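Novice: Submitted below is the structure of interest, expressed as structure tokens.
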């Protein structure tokens, strides 16, 4: 068997790996449109960055971080209960320290039992009001803050280097796998060519 036959699978493996490597590089390069032999070439992500930013902005605002989800988390009774000790501390501080300083006469008529009763009334009322206040605030925030537009603007404003860095950090293993698969398939095709030639 000629030594060249052994080289065929290796050459095919290199070609398979190299073509996939080039294909991955062409996702990001060239960054700016370039004409080669009359054909305008530009990396897919630089060319489609604005469309990608719009789709990502819509996805984030509609599916990943909707205002209704934020509002439900903020007004969740369990979350509200977790902050009540802090609220209790602030009310206690106000009734025992700040109120006597600002209204000394009234503080003369407020003892520990009255403070405890006032705190109890305030806390109950705050637990009733807080969900309503936050729902109202979230509606106002939604009108004033366009989450989709913010994400779109941020992503569209990324430099091509930054975009490549982000996507490579996320999909580096997948890109490497594609390169290896190209080499493996190329090697297999080379072996098949050698086998067919040998059997003829």
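Novice: If you line up the long axis of helix 112-144 against the longest principal axis of the chain, both from Cα atoms, how many degrees apart are they, to the nearest 10?
Specialist: Here the helix axis deviates by roughly 40 degrees.
Novice: Now for a different question. Please give the FRET efficiency for residue 39 paired with residue 196, using the beta carbon to beta carbon distance and R0 = 35 Å, rounded to the nearest 0.05.
Specialist: Working from the Cβ atoms, E equals 0.50.
Novice: To continue, here is another question. Given labels modelled 7 Å from the Cα in the Cβ direction, how far is it in nm from residue 176 to residue 136?
Specialist: Taking the simple label geometry, residue 176 and residue 136 are separated by 5.5 nm.
Novice: While we're here: How long are the semi-axes of the equivalent ellipsoid of region 16-101, taking √(5λ) for every eigenvalue λ of the Cα gyration tensor, in whole Å from largest down? Present the calculation step by step, with values, prior to reporting the outcome.
Specialist: Values: eigenvalues 674, 45, 35 Å².
They are 58, 15, 13 Å, listed largest first.
Novice: Let me ask something additional. Any number yet on Rg/Rh for region 3-199, C-alpha, Kirkwood?
Specialist: Reported Rg/Rh (Cα atoms, Kirkwood Rh): 1.37.
Novice: Stokes-Einstein at 25 °C, 0.890 mPa s, Kirkwood radius from Cα pairs: D for region 64-124 in µm² s⁻¹? The partial results should precede the final answer.
Specialist: Values: Rh = 13.6 Å.
Estimated via Stokes-Einstein, D reaches 181 µm²/s.
Novice: May I pose another question? At 222 nm, what value in deg cm²/dmol follows for the chain if DSSP H runs of at least 4 each add -39500 (n - 2.57) and the sum is divided by all its residues, to the nearest 500?
Specialist: The helix-only estimate for the chain comes to -25500 deg cm²/dmol at 222 nm.
Novice: Another question about this same structure. Angle, helix 49-59 long axis vs. longest principal axis of the chain, Cα atoms, 0 to 90°, nearest 10?
Specialist: 40
Novice: Same structure, new question: What is the angle, in °, between the Cα long axis of helix 77-93 and the longest principal axis of the Cα atoms in the chain? Nearest 10 is fine, range 0 to 90.
Specialist: Taking Cα atoms only, the helix is inclined about 40 degrees.
Novice: Describe numerically, in nm with one decimal, the distance between label points set 7 Å from Cα along Cα→Cβ at residue 78 and at residue 26.
Specialist: The modelled label-to-label distance comes out at 5.1 nm.
Each value in this text was obtained by applying a stated rule to the coordinates, not by laboratory testing. As the structure is a computational prediction, the values presented were derived from the model and not from experiment. No Cβ is skipped: glycine too gets one built from the backbone with ideal geometry, and neighbour counts run over all protein chains shown.
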